[in-house]
Amino acid sequence: MQGSIFTTLSKMVIDKWGIETWNELLDTIKPSSKGIYTKGMQYDDSEMTALIGALSKKTNIDTPSLVRTFGRYLFIHLYNSSPTNLSHIDNLKDFLLSIDLVIHKEVKRVYPQAYLPSFDYSITPDGDLVMFYHSKRKLCYLSEGLILSAASHFGEEVQITQPECMHNGAEKCKLIISFKDKI
């Protein structure tokens with residue numbers, strides 16, 4: 001996993017729970033990196049899983065909620081460091097539709113070793129956006145948080161439902177994004 005994800009997690013933990021909590025997490029999981037993460041480096045996914053698990057125990061926040069919270073926190077960091085110019089995108093739907101073919105394509109150009117989730121899209125007759133998420137990491141809850149924060153960024157309100165999830169045996173997660181005018 002990209003080091004920037006780890007550095008942002010450490011910032012979130014320190015911002016929300018303090019440096020003592022971050023140090024306790026590192027003492028608990030004893031990561032091979034010793035908790036020194038560099039944005040451009042790759043780290044084992046198991047370190048992130050262990051950090052999230054330890055934080056969940058420490059805060060008594062269930063893992064899906066905690067991962068959603070991290071997604072909400074992570075969005076602006078990813079958006080601001082995007083290797084592609086996003087200034088021409090002025091609404092959530094266009095932004096979400098650009099993730100796989102524009103943003104992820106550019107991220108892979110800059111970080112060829114990065115493993116990114118993939119998305120397929122459809123739009124319902126009601127105008128809802130359906131995003132099919134697939135990743136070996138099964139971080140669909142992170143995607144939910146990212147989408148919610150992106151909605152806030154674009155000044156929009158959405159409701160997300162997930163009728164199919166890899167955590168429940170589905171092949172991929174089905175995220176249905178309903179926009180405010182229909183909520």
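Would you check if F132 is farther than 22 Å from K180 by Cβ, aromatic (F, W, Y) and within 16 Å of the chain's Cα centre (by Cα)?
Yes; evaluated as a whole, the condition is true for this residue.
Looking at the range 172-180, can you tell me whether even one residue there is of a type in the set (A, V, I, L, M, F, W, C), modelled with pLDDT of 95 or more and within 20 Å of Y73 (Cα to Cα)?
Yes, the range 172-180 has at least one match.
Would you check if there is a residue in the range 59-70 being among the polar types (S, T, N, Q) and modelled with pLDDT under 95?
No; the residues of the range 59-70 include none that is among the polar types (S, T, N, Q) and modelled with pLDDT under 95.
Looking only at the range 110-123, decide whether some residue is open to solvent by less than 60 Å² (accessible area, probe 1.4 Å), at pLDDT 95 or above and out of contact with any helix residue (DSSP H, G or I) (no Cβ under 8 Å at 6 or more places or on another chain).
Yes, the range 110-123 contains at least one residue that is open to solvent by less than 60 Å² (accessible area, probe 1.4 Å), at pLDDT 95 or above and out of contact with any helix residue (DSSP H, G or I) (no Cβ under 8 Å at 6 or more places or on another chain).
If a residue must be part of a helix (DSSP H, G or I) and open to solvent by 70 Å² or more (accessible area, probe 1.4 Å), how many such residues does the range 25-45 contain?
Selection size over the range 25-45: 2.
Take the residues in the range 166-183 that are hydrophobic (A, V, I, L, M, F, W, C) and not in a helix (DSSP H, G or I), then tell me which one is farthest from the chain's Cα centre (by Cα).
I183
Can you confirm whether Y73 is hydroxyl-bearing (S, T, Y), part of a helix (DSSP H, G or I) and open to solvent by 30 Å² or more (accessible area, probe 1.4 Å)?
It is true that Y73 is hydroxyl-bearing (S, T, Y), part of a helix (DSSP H, G or I) and open to solvent by 30 Å² or more (accessible area, probe 1.4 Å).
Out of the residues in the range 46-62 that are part of a helix (DSSP H, G or I) and open to solvent by 60 Å² or more (accessible area, probe 1.4 Å), state the one that is nearest to L148 (Cα to Cα).
Among those residues, the one meeting the criterion is T49.
For the range 160-173, check the following and say yes or no: at least one residue is within 22 Å of S10 (Cβ to Cβ), open to solvent by 80 Å² or more (accessible area, probe 1.4 Å) and not hydroxyl-bearing (S, T, Y).
no
Give me a count of the residues in the range 9-53 that are touching a Phe, Trp or Tyr at 6+ places or on another chain (Cβ under 7 Å), among the hydroxyl-bearing types (S, T, Y) and at pLDDT 95 or above.
The qualifying residues number 1.
Looking at Q113 and the list (1) free of Cβ contacts under 8 Å to residues at least 60 places away in the same chain; (2) in contact with a strand residue (DSSP E or B) (Cβ under 8 Å, 6 or more places away or on another chain), which single condition is not satisfied?
Here Q113 meets the rest and fails (1).
The values are calculated or read from the model by the stated rules, or taken from the named source; none is laboratory data. Just so it is clear, the structure is predicted and the values come from calculations on it, not from any experiment. Here Cβ is always computed from backbone atoms with ideal geometry, including for glycine, and neighbour counts include all displayed protein chains. Side chains included, ligands, DNA and RNA excluded: accessible areas come from the protein's heavy atoms. Shrake-Rupley method; radii C 1.70, N 1.55, O 1.52, S 1.80 Å.
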